[in-house]
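Chemist: Pasting in a structure now, in structure tokens, and then I'll have a few things to ask.
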Amino acid sequence: MWDYTDKVKEYFFNPKNAGVLADANAVGEVGAIACGDALKLMLKVDPATEIISEARFQTFGCGSAIASSSALTELVIGRTLDDALELTNQDIADFLGGLPPEKMHCSVMGYEALQAAVANFRGVAIDDDHEEGALICKCFGVDEGMLERAIRNNNLTTIEAVTSYTKAGGGCLTCFDRLEETLVKVNAAMVSEGVISVARAYQPGAFDPRDARNKSGKSKPVQLGAAPARSEIRVPPATHPAPHVVSPLAEASAPRMTNLQRMRFIESAIEELRPFLQKDGGDCELVDVEGDKVLVKLTGACVGCQMAAVTISGVQQKLVEKIGLPLRVIPVK
Amino acid sequence: MSASYLDNNATTRVTPEVLEVMLPFFTEQYGNGSSMHSFGESVSRAIRRARGQVQALVGAEHDHEIIFTSGGTESDNLAILSALEGAPRRREIITSTVEHPAILALCAFLEKSKGILVHRIGVDKNGLLDLEAYRAALSDRVAIVSLMWANNETGAIFPVEALAEEAKAVGALFHTDAVQAVGKIPVDLKSTAIDMLSLSGHKFHAPKGIGALYVRRGVRFKPQFKGGQQERGRRPGTENTPGIVGLGAAADLALRHLPEEQSRVRAMRDRLEKGVLQRVGSTILMAGTSERLPNTTTIAFEFIEGEAILLHLSRAGIAASSGSACSSGSLEPSHVLRAMDIPFTAAHGAIRFSLSRENSDADVDRVLETVPGVIAKLRGLSPFWSESGAPQAEAFKPVYA
């Protein structure tokens, strides 16, 4: 059982500012269902003063993920965007009276969502994370930029801490070498800036990756046996999104997916569903994709059917499942 | 009203009858079973009686086939290490992808440090073993097959009696981790080809720290601890008399309550399972079409995360468990659900309810009253969930089931 503070429990059981903010003009989405947590932060910003007047969130995740999201909204309301950008994940954790170390990544998710929402408002693409730093942990979609921020903001000096704060290395651990390289590099820079002492900085080889997962017990990676050619480790496929991506579908489906590929992906997913609808005398066709909105047209028996809304939500869930990101299926006439 | 404990696959309560039998062995009959005086004599008699009670529960032919150990993990380790040592020319192990970490971690270690070839047989979406792959892996190079009788997370049962026959045909030993099965379903070892079986007391109302390994008469057994002559030298160390006596008493009670597991406990489980599936849409029953333990149900609630569900249930007085990553301290969902290829959308929200004969209909009622509200509340927070699809989604589900 996690040792959550009363504040974490309070914000989990009675989250403030949960739900959809209809007239949000700054939206940040991070995480993905495959990773086990995802956050959509919606802000209403006064364009003249850049003051955040309202903030709401939707979160898929554990207790501390929900509490961190709610805490984030409380922290940003009333601040200007520039003020809000000063917040770090540590501020979120502090607001909640602290988080268990293994759960610090929940606060990092809040930090990333805020950065994404502000960038969204200002019309800045913050995909430079991906350009300046390669994707390191493929299991959880953590790139170098995110790693460096987490290491610097929290003075991390061990591989375990990096995994706790970012999840990087929590999966197949094939990224270990690059994870270690990044930690060594950033720690060295921090030493030369006088932020941490030489003694604290991580030394290459200080951590044996074979020990990495013993503590978690349950999730020991299982190597393939010789005979059964059955894949055991299921790394989310490349089409799954990397976290902390700004514009929902645009960036998220895959870092390297073009607009056209993405639309084809959605199209083929809908094609797969059509036979089921046709069986009941209905049908569904893709009309357009706008950002995270998938516009579809229901035809045949679906028109005027009492269950049309359910059908739409079923199509939506199926797409979400395939693509791994929140998106809205909207019926059009 | 007291809490509803529905996590009996994790561990169980020591029943008052069991505790009562144990207590004198702490302060009155505290002798060493090996001693030649009255203190020792009464203890060795109590141990003999307990051995017979465990023998009866698993249907072993002889009482000396029962070796008392500290529990499931030790029994699993002893079985595999002994088999490898006993057949030095056989350098392969067959196991499955859904075993308990006691088996998987040991196999990974043997693979890495001892050069043992480990075949890990996969399962399908319903938790059924890939029999073709199993047969393909069997050969005269295999020292031991270790396949669990029933899965701790889904309750899915492997056909171990038949699997054991096939192992016997190639001269491999067959071990089963029956920690979840013993006490819940009938086990009659003398009528099977199973060579070794692990059981653990705390899964059927005995205390933690006591278990047993069944080793069929005639099976070569290589002790892994060196020491005295206890357990005929196969597991040295002064006997844990209170634990052994408690295990015996619990085994006796479990045997007598076995019909109740199949009837009353199963009925409660079925009512809980059906009730939840009826009341909440977008749910998937794990290993739903497989033969399962009568006490276990694991239900995945799509688009929400398991730890959040558990926290809400706990506040409502319900203790269950989750295969989700966040609640276990690891970052990935359960290896069992992943081996079953359960989509991430569901695996993160899988909740296991495991009952025992100590549960009542009131516990089931409480779950049925509580769960729909908790799920609706969390789905209301989830960016992956749309309100229009909430309860009615049930009607839509069969299409993609």
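Chemist: What percent does the relative contact order of chain B come to when contacts are Cα pairs within less than 8 Å and at least six residues apart?
Modeler: 21 percent
Chemist: Please name whichever of B:Ser198, B:Phe221, B:Leu163 sits farthest to the positive end of the charge dipole of the range B:135-267, dipole taken about the Cα centre and charges placed at Cβ: Lys and Arg +1, Asp and Glu -1.
Modeler: Working it through, the farthest residue towards the positive pole turns out to be B:Phe221.
Chemist: Apply the a/c threshold of 1.5 to the C-alpha gyration tensor of the protein assembly as shown and tell me whether it is rounded, prolate or oblate. If you can, show how the numbers build up before the last one.
Modeler: Values: a/c = 1.91, a/b = 1.65, b/c = 1.16.
Taking the square roots of the gyration eigenvalues as a ≥ b ≥ c, the protein assembly as shown is prolate.
Chemist: For B:Arg256 paired with A:Asp177, estimate the spin-label separation in nm (one decimal), with each label point 7 Å from Cα along the Cα-to-Cβ line.
Modeler: Once both label points are built, they end up 6.4 nm from each other.
Chemist: When a footprinting reagent is the concern and you count Cβ atoms within 10 Å, what order do A:Glu102, B:Glu132, B:Glu291 take, fewest first?
Modeler: Placing the least packed residue first, the sequence is B:Glu132, B:Glu291, A:Glu102.
Chemist: Related question: Placing +1 at every Lys and Arg Cβ and -1 at every Asp and Glu Cβ, with all other atoms neutral, what dipole size does the range A:6-122 have around its Cα centre, in debye to the nearest 20?
Modeler: Rounded to the nearest 20 debye, it is 300 debye.
Chemist: Rounded if a/c is under 1.5, else prolate if a/b beats b/c, else oblate: with a ≥ b ≥ c from the C-alpha gyration tensor eigenvalues square-rooted, which is chain B?
Modeler: oblate
Chemist: Which is farthest toward the positive dipole end of the protein assembly as shown among B:Gly31, B:Tyr134, A:Ala18, measuring Cα position about the Cα centre, with Cβ charges +1 (Lys, Arg) and -1 (Asp, Glu)?
Modeler: Working it through, the farthest residue towards the positive pole turns out to be B:Gly31.
Chemist: Then there is this: Per-residue HN-Hα couplings for the range A:99-107, Karplus 6.51 cos²θ - 1.76 cosθ + 1.60 at θ = phi - 60°, whole Hz, x for Gly and Pro?
Modeler: Calculated HN-Hα couplings, in order: 10, x, x, 5, 9, 4, 4, 5, 6 Hz.
Chemist: Next question, about the same structure. Averaged over peptide B:335-346, how many Cβ atoms belonging to another chain are found within 10 Å of each residue's Cβ?
Modeler: If you average over the peptide's residues, the count of other-chain Cβ atoms is 4.
Chemist: If you don't mind, there's one more thing I want to ask. With only Lys, Arg, Asp and Glu charged, each at its Cβ (+1 for the first two, -1 for the last two), find how big the charge dipole of the protein assembly as shown is about the Cα centre; round to the nearest 20 debye.
Modeler: 2120 debye
Chemist: Amide H to amide H, which residues 5 or more places from B:Ser146 or on other chains are under 5 Å from it, using H placed in the peptide plane?
Modeler: Long-range HN contacts for B:Ser146: B:Ile94, B:Thr95, B:His175.
Chemist: Through the Karplus equation 6.51 cos²θ - 1.76 cosθ + 1.60, θ set to phi - 60°, convert the phi angles of the range B:332-337 into ³J(HN,Hα) values in whole Hz; use x for Gly and Pro.
Modeler: Going residue by residue, I get 10, x, 3, 5, 5, 5 Hz, with x marking Gly and Pro.
Chemist: Taking H as built 1.01 Å from N, whose amide H comes closer than 5 Å to the amide H of B:Gly209, not counting residues under 5 places away?
Modeler: The answer is B:His202.
Chemist: Shifting gears a bit: Under unit Cβ charges (Lys, Arg +1; Asp, Glu -1), what dipole magnitude, rounded to 20 debye, does the range B:209-353 have relative to its Cα centre?
Modeler: It comes to approximately 740 debye.
Chemist: For the pair A:Ala48 and B:Asp361, how long in nm is the line joining their label points, each one 7 Å along Cα→Cβ?
Modeler: 6.7 nm
Chemist: Can you sort B:Ile67, B:Ile351, B:Ile185 so the residue with the fewest Cβ neighbours within 10 Å comes first?
Modeler: B:Ile185, B:Ile67, B:Ile351
Chemist: Treat each spin label as a single point 7 Å out from the Cα along the C-beta direction, and report the B:Phe109 to A:Glu272 distance in nm.
Modeler: Result: 4.1 nm between the two label points.
Chemist: Another one. I need to check one value: relative contact order of the range B:166-240, counting alpha carbon pairs closer than 8 Å and at least 6 residues apart, in percent.
Modeler: 20 percent
Chemist: Turning to a different aspect of this structure: Taking springs between alpha-carbon atoms closer than 10 angstrom, which of B:Lys190, B:Lys114, B:Lys208 fluctuates most in the Gaussian network model of chain B?
Modeler: B:Lys114
Chemist: Could you list which residues have their amide H under 5 Å from that of B:Ser4, counting only those 5 or more apart in sequence or on another chain, with H placed in the peptide plane?
Modeler: For B:Ser4, the qualifying residues are B:Ile318, B:Ala319.
Chemist: Is it possible to state the helix-based mean residue ellipticity at 222 nm for the protein assembly as shown, with each DSSP H run of 4+ residues giving -39500 (n - 2.57), the sum divided by total residues, to the nearest 500 deg cm²/dmol? What is it?
Modeler: After summing the helix terms and dividing by the residues of the protein assembly as shown, the value is -12500 deg cm²/dmol.
Chemist: Now a separate question. Exposure proxy check: B:Leu106, B:Leu277 ranked by fewest other beta carbons within 10 Å?
Modeler: Ranked by crowding around the Cβ, least crowded first: B:Leu277, B:Leu106.
Chemist: By how many nm would the segment from A:Val184 to A:Ile330 lengthen if fully extended, with 0.36 nm per residue of separation less the alpha-carbon distance?
Modeler: Going from the current span to full extension adds 47.8 nm.
Chemist: Could I ask something else about it? Determine ³J(HN,Hα), in whole Hz, for all residues of the range B:133-143 in sequence, where each value follows from phi through the Karplus function 6.51 cos²θ - 1.76 cosθ + 1.60 and θ = phi - 60°; x replaces Gly and Pro.
Modeler: Computed from phi, the couplings for the range B:133-143 are 5, 4, 5, 5, 7, 5, 6, 7, 8, 8, 7 Hz.
Chemist: Name the shape class, rounded, prolate or oblate, that the alpha-carbon gyration tensor gives for the range A:48-116, where a ≥ b ≥ c are the square roots of its eigenvalues, rounded holds for a/c under 1.5, and otherwise prolate holds if a/b is larger than b/c and oblate otherwise. Show your work: numbers first, answer last.
Modeler: Values: a/c = 2.22, a/b = 1.76, b/c = 1.26.
Prolate shape, in that a/c is at least 1.5 and a/b is the bigger ratio.
Chemist: Give the residue from A:Val108, A:Leu87, A:Phe140 lying farthest towards the positive end of the charge dipole for the protein assembly as shown; charges sit on Cβ (+1 for Lys and Arg, -1 for Asp and Glu) and the dipole is referred to the Cα centre.
Modeler: A:Phe140
Chemist: For the pair A:Arg200 and B:Thr238, what calculated FRET efficiency results from E = 1/(1 + (r/R0)^6), where r is the Cβ-Cβ distance and R0 = 60 Å, to the nearest 0.05? Kindly include the intermediate steps, with their values, before the conclusion.
Modeler: Details: r = 47 Å, r/R0 = 0.79.
After rounding, the FRET efficiency stands at 0.80.
Chemist: Evaluate peptide B:300-310: per residue, the Cβ atoms of other protein chains within 10 Å of its Cβ; return the mean as an integer. All intermediate terms of the calculation are to be shown ahead of the outcome.
Modeler: Numbers: counts 0, 0, 4, 6, 3, 11, 2, 10, 10, 2, 3.
Rounded to a whole number, the mean comes out at 5.
The numbers here are math on the coordinates, done by the rules we state, and not lab data. Remember, predicted model here, so these are calculated numbers, not experimental data. Virtual Cβ from ideal backbone geometry, glycine too; neighbours counted across all protein chains shown.
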